[in-house]
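The structure appears below as structure tokens.
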Amino acid sequence: MGEVKTVANGYARNYLLPRGLAAPATASLLQRAEELAQMEEERQQAQDESARGLARRFEECTLVMAVRVGEQGRLYGSVTSADLAEKAGEILGGELVDRRRVLLPEVLRQVGVYSVPFRLSRNVVPEVQVVVVDAEAPEGVEAAVEAMLRVALVEASSAEAPITEDKPST
């Protein structure tokens, strides 16, 4: 909305103009396009600000998905973007999160700690920590989540540490 594009005459005359997808660039329409672009920018800034508030709420929490797990650590079924959107809605206090906003590259089929991006607006895409854990863990779900988060933290810190080689002394 409000964008000015240069296109071929035939494309404009035969496709864009008859379908109402574009209008000729007259002085009044160019001024209107600038106004529309400004309105769109203001709307996007307001949407980004509300999305940043949601992103701060996501940073404070971890999505815990307690599911049935087989002996090899594989799930009976999978955790999908719809499952994550539903869980995020519960955490956010009943706000609906559209499943298409969860940018899950593929469904989760194993227990573990995952970082999943949520597109809250065009410019705000926070990484949400998701922990998939066995619902029937012997130590309890919360204890299993804490253990998995500790392991993930240790792995992340060891990956960031520089590797040094010890040279044998002669």
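The values are calculated or read from the model by the stated rules, or taken from the named source; none is laboratory data. Keep in mind the model is a prediction, meaning the values are calculated, not measured. Note that we place each Cβ from the backbone using ideal geometry, even for glycine, and neighbour counts take in every protein chain shown. These area figures cover heavy atoms from the full protein model, side chains too; ligands, DNA and RNA do not enter into them. Shrake-Rupley method; radii C 1.70, N 1.55, O 1.52, S 1.80 Å.
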* Any pair with Cβ under 7 angstrom, 6 or more apart, that starts in the stretch 36-48 at a residue that is touching a residue at least 40 places away in the same chain (Cβ under 8 Å) and ends at one that is open to solvent by 60 Å² or more (accessible area, probe 1.4 Å) -> Gln44/Arg122; Asp48/Asn123
* Structure fact -> Subset of the stretch 8-55, residues more than 27 Å from Val124 (Cβ to Cβ), open to solvent by 60 Å² or more (accessible area, probe 1.4 Å) and hydrophobic (A, V, I, L, M, F, W, C), comes to Ala8, Leu17, Leu21, Ala23, Ala25, Ala27, Leu29, Leu30
* Asked: If Ile91 passes every condition in (1) closer than 30 Å to Val141 by Cβ; (2) open to solvent by 40 Å² or more (accessible area, probe 1.4 Å); (3) at pLDDT below 85; (4) out of contact with any strand residue (DSSP E or B) (no Cβ under 8 Å at 6 or more places or on another chain) but one, which one does it miss?
  -> (4)
* To do: Any residue in the stretch 88-105 that's under 16 Å from Ser50 (Cα atoms): show its pairings with residues that are open to solvent by 100 Å² or more (accessible area, probe 1.4 Å) and of a type in the set (A, V, I, L, M, F, W, C) at Cβ separation under 8 Å, as long as the two are six or more apart or on different chains.
  => Gly89/Leu96
* Taking the condition over 18 Å from Ala147 (Cα atoms), in a loop (DSSP other than H, G, I, E, B), touching a helix residue (DSSP H, G or I) at 6+ places or on another chain (Cβ under 6 Å) and open to solvent by 60 Å² or more (accessible area, probe 1.4 Å), does Leu104 pass? -> no
* Is the stretch 56-65 home to any residue that is open to solvent by less than 60 Å² (accessible area, probe 1.4 Å) and in a loop (DSSP other than H, G, I, E, B)? -> yes
* Test: Val64 is more than 23 Å from Val125 (Cα to Cα), of a type in the set (A, V, I, L, M, F, W, C) and in contact with an Asp or Glu (Cβ under 9 Å, 6 or more places away or on another chain) -> no
* Asked: Conditions: (1) among the hydroxyl-bearing types (Ser, Thr, Tyr); (2) loosely packed, with under 14 Cβ neighbours inside 10 Å; (3) part of a loop (DSSP other than H, G, I, E, B). Tyr76 meets all but one. Number of the miss?
  -> (3)
* Yes/no for Glu71 being open to solvent by 60 Å² or more (accessible area, probe 1.4 Å) and within 17 Å of the chain's Cα centre (by Cα) -> no
